1. In this structure, does residue 65 turn out to be assigned to a helix (DSSP H, G or I) and either under 21 Å from residue 205 (Cα atoms) or in contact with a helix residue (DSSP H, G or I) (Cβ under 8 Å, 6 or more places away or on another chain) (or both)?
2. Taking residue 335 as the residue in question, decide whether it is farther than 20 Å from residue 199 by Cβ and either modelled with pLDDT of 80 or more or of a type in the set (S, T, N, Q) (or both).
3. Considering only the stretch 178-254, give the helices (runs of 4 or more DSSP H) lying wholly within it that have at least 3 residues that are open to solvent by less than 10 Å² (accessible area, probe 1.4 Å) and touching a residue at least 24 places away in the same chain (Cβ under 8 Å).
4. So how many residues does the stretch 18-29 have that are in contact (Cβ under 8 Å) with a residue 24 or more places away in the chain and either under 21 Å from the mean Cα position of the chain (by Cα) or outside any helix (DSSP H, G or I) (or both)?
5. Could you check the stretch 59-83 and list, in sequence order, the residues that are more than 16 Å from residue 105 (Cα to Cα) and open to solvent by 90 Å² or more (accessible area, probe 1.4 Å)?
6. Residues to consider are 247, 259, 253, 276; find the one that is touching a helix residue (DSSP H, G or I) at 6+ places or on another chain (Cβ under 9 Å) and on the phi > 0 side of the Ramachandran plot.
7. Taking into account only those residues within the stretch 292-324 that are touching a Ser or Thr at 6+ places or on another chain (Cβ under 7 Å) and either among the polar types (S, T, N, Q) or outside any helix (DSSP H, G or I) (or both), which is modelled with the highest pLDDT?
8. Could you list, in sequence order, the residues of the stretch 143-177 that are in a loop (DSSP other than H, G, I, E, B), open to solvent by 40 Å² or more (accessible area, probe 1.4 Å) and either aliphatic (A, V, I, L, M) or without any contact (Cβ under 8 Å) to a residue 40 or more places away in the chain (or both)?
Amino acid sequence: MSPYAMSMLMSSLAMGTTITLSSSHWFLAWMGLEINTLAIIPLMTKMHHPRATESATKYFLTQATASALLLFSAAMNAWMTGEWTIVDMNSYIPTTMLTIALAIKLGIAPFHPWLPDVLQGLDMMTCLILSTWQKLAPMALLILTSHQLNTSLLTLMALASAIIGGWGALNQTQMRKIMAYSSIAHLGWMTLVISFAPGLALLNLTIYLMMTSSMFVMLMALNATNMNKLSISWLKTPTLAASMMTGLLSLGGLPPLSGFLPKWLILQEMTKHHLGALSAVMALSALLSLFFYLRLSYMISMTSPPNISNANLAWRKKNNLSLINPILIVLSTMLMPITPMLLM
């Protein structure tokens, strides 16, 4: 793809998200979401492969459905209340439709089936954008309207997302599908706490973005798209493989890594609201996710594939990692000591 076209598409992505984040009117928020969708579709189809075309088509149809539902809910709310502002969603039917529309856009269960299939047909860089940047605008709208949404519906979707996100990745061997189910599970934790403490949901989103970004950057550096390629990474780049193992454990939520921080705080918040049974089910669902993260960590660090070479270390290519990768690795694994500062 031409650098000029790439710069225009990336600028459109940034502009669409900025418009949505800075808008107080539903029409402007919808327009920003549409700019986002239309800007990422050429990035999806740049590989000229049938799988990429299929992914772009699925993504477009899903996002168009969600956008139409969102605009319809905003128009119905304006018809019932006379207000187009984002914070004035007071009627039951429009808020329910809005919740479903944003869940479709984010890939929250039970509206999740499009996400693993779409990510599987894309290259790693587009997967990174889809898993991180494209979550910002819908999640911002969800946080802005969280005090008006149906808490029971959000809780059911959060529970389904955490269970399906852990369960769905158990039999996967493709790294992009595993990261998609990981995204679904993390979105479940954010959706669970968003009605009770939107600040915690924002903290969870920030840590999720850092962990997922570092993971995709490392997968791009290792050129690992499935578990078999991941298993030989230790021979090529031991340092990067160790960093990836730590990042996977952080995604699983093991203490004292950064991924444990949001889960700990969310469970604490849930128990404050006397939701002990729900907290227990969410904690047990996190064990499902932890299992496949541990399986990947084991494959990276404790397996050695058949090797015909007598050398202990395989031939290594020069890593073209930027400075951002070590920063992301540190942030995604070592935020626990500054927990009091983050809470303040």
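1. Criteria met by residue 65.
2. Taking the combined requirement at face value, the residue does not satisfy it.
3. Those helices (runs of 4 or more DSSP H) span 198-222, 238-252.
4. 6
5. Result: 79, 80.
6. Selected residue: 253, the only one of 247, 259, 253, 276 that is touching a helix residue (DSSP H, G or I) at 6+ places or on another chain (Cβ under 9 Å) and on the phi > 0 side of the Ramachandran plot.
7. Initial filter on the stretch 292-324 (touching a Ser or Thr at 6+ places or on another chain (Cβ under 7 Å)): 299-300, 303, 305, 316, 319.
Still in the running and either among the polar types (S, T, N, Q) or outside any helix (DSSP H, G or I) (or both): 303, 305, 316, 319.
Numbers: 303: 72, 305: 61, 316: 57, 319: 56.
Among those residues, the one meeting the criterion is 303.
8. First pass over the stretch 143-177, keeping only residues in a loop (DSSP other than H, G, I, E, B): 145, 149-150, 169-173.
Then keep just the ones that are open to solvent by 40 Å² or more (accessible area, probe 1.4 Å); that gives 150, 170-171, 173.
Residues satisfying the conditions are 170, 171.
The values are calculated or read from the model by the stated rules, or taken from the named source; none is laboratory data. Fair warning: this is a prediction, and the values are worked out from it, not measured in the lab. So basically every Cβ, Gly included, is an ideal-geometry build from the backbone, and we count neighbours across all protein chains shown. Accessible surface areas use protein heavy atoms only, side chains included; no ligands, DNA or RNA. Shrake-Rupley method; radii C 1.70, N 1.55, O 1.52, S 1.80 Å.
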